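A.B. asks: To start, I am sharing the structure in question, which I have written as structure tokens.
The values are calculated or read from the model by the stated rules, or taken from the named source; none is laboratory data. Here the structure is a predicted model, which is why all the values come from computation and not from measurement. Cβ placement follows ideal geometry from the backbone for every residue including glycine, while neighbour counts extend to all protein chains displayed. In case anyone asks, the SASA skips ligands and DNA or RNA and just uses the protein heavy atoms, side chains included. Shrake-Rupley method; radii C 1.70, N 1.55, O 1.52, S 1.80 Å.
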Amino acid sequence: MSRYDRQISVAEFGVAGQAKLAAARLLVVGAGGLASPVLQYLAGAGLGHIKLVDPDVVSTNNMHRQTIFRSSDLGTAKAAAAASHMRDLNPDCAITPIIQSVTPDNIKTHAADVDMVLDCADSFAVSYCLSDYCRDRLPVIHASVVGMA
């Protein structure tokens, strides 16, 4: 538990909070620029299990904003590369990479055993699919980036 001493020492969080975090199961949809900081902080904090869904591969033109990847990851499935890096960051966090798109046909399978869904896919189709499925079932947090100013 020494890995988590600084967050456990926060009175509002404590040992009970760390235990809840370690027992939590999360579905993260997307392993790109939005998910890069999310995955690092959740894995680092000791979240128990992350299911990570993304159909894409690591490419050079995204590396400036997808900071969890390295040049050695080029051409590798993002979900697999991200899972490997997060395991290196914190072996206490179980990460299951799922290399496919989320669709209305498979969302039930992916979300069946999670406590919350994080939408980091930056896709209207995926957001609608997650919103439709999660309504009245699961909390979903949606994030997106549209263009550059």
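A.B. asks: Could you please give the count of residues in the stretch 99-149 that are among the β-branched types (Val, Ile, Thr), part of a helix (DSSP H, G or I) and in contact with an Asp or Glu (Cβ under 7 Å, 6 or more places away or on another chain)? Steps first, answer last, please.
C.D. replies: Of the residues in the stretch 99-149, the ones among the β-branched types (Val, Ile, Thr) are 99, 102-103, 107, 109, 114, 117, 126, 140-141, 145-146.
Subset that is part of a helix (DSSP H, G or I): 107, 109, 126.
If we keep only those that are in contact with an Asp or Glu (Cβ under 7 Å, 6 or more places away or on another chain) too, we end up with 126.
Within the stretch 99-149, residues that are among the β-branched types (Val, Ile, Thr), part of a helix (DSSP H, G or I) and in contact with an Asp or Glu (Cβ under 7 Å, 6 or more places away or on another chain) number 1.
A.B. asks: With respect to Ala121, determine if the residue is open to solvent by 10 Å² or more (accessible area, probe 1.4 Å), among the small types (Gly, Ala, Ser), more than 19 Å from Arg3 (Cβ to Cβ) and without any contact (Cβ under 8 Å) to a residue 24 or more places away in the chain.
C.D. replies: On the way: open to solvent by 10 Å² or more (accessible area, probe 1.4 Å): yes; among the small types (Gly, Ala, Ser): yes; more than 19 Å from Arg3 (Cβ to Cβ): yes; without any contact (Cβ under 8 Å) to a residue 24 or more places away in the chain: no.
Taking the combined requirement at face value, the residue does not satisfy it.
A.B. asks: Could you look through the stretch 14-37, keep only residues that are closer than 29 Å to Ala79 by Cβ and without any contact (Cβ under 8 Å) to a residue 12 or more places away in the chain, and pick out the one that is most open to solvent (accessible area, probe 1.4 Å)? Spell out the reasoning first.
C.D. replies: From the stretch 14-37, those closer than 29 Å to Ala79 by Cβ are 17-37; that's our starting set.
Okay, now just the ones that are also without any contact (Cβ under 8 Å) to a residue 12 or more places away in the chain, so 17, 19-20.
On the way: Gly17: 14, Ala19: 58, Lys20: 153 Å².
Applying the filter and picking the extreme gives Lys20.
A.B. asks: For the stretch 36-80, enumerate the residues that are of a type in the set (A, V, I, L, M), under 27 Å from Tyr4 (Cβ atoms) and in a loop (DSSP other than H, G, I, E, B). Write out each step before concluding.
C.D. replies: Just the residues of the stretch 36-80 that are of a type in the set (A, V, I, L, M), to begin with: 38-39, 42-43, 45, 47, 50, 52-53, 57-58, 63, 68, 74, 77, 79-80.
Filter once more, keeping what is under 27 Å from Tyr4 (Cβ atoms): 38-39, 42-43, 45, 47, 50, 52-53, 68, 79-80.
Leu47, Ile68, listed by residue number.
A.B. asks: Still on this model: With the structure loaded, tell me whether Arg6 is touching a strand residue (DSSP E or B) at 6+ places or on another chain (Cβ under 9 Å), in a helix (DSSP H, G or I) and open to solvent by 70 Å² or more (accessible area, probe 1.4 Å) or whether it fails that test.
C.D. replies: Values: touching a strand residue (DSSP E or B) at 6+ places or on another chain (Cβ under 9 Å): no; in a helix (DSSP H, G or I): yes; open to solvent by 70 Å² or more (accessible area, probe 1.4 Å): yes.
No.
A.B. asks: Continuing with this model, one more query. Would you call Leu42 buried (at least 20 other Cβ atoms within 10 Å of the Cβ) and modelled with pLDDT under 95? Show your work before the answer.
C.D. replies: On the way: buried (at least 20 other Cβ atoms within 10 Å of the Cβ): yes; modelled with pLDDT under 95: no.
Criteria not met by Leu42.
A.B. asks: Okay, moving on. Can you find a residue that is out of contact with any Gly (no Cβ under 6 Å at 6 or more places or on another chain), part of a loop (DSSP other than H, G, I, E, B) and over 24 Å from Ile141 (Cα atoms) anywhere in the stretch 84-98?
C.D. replies: yes
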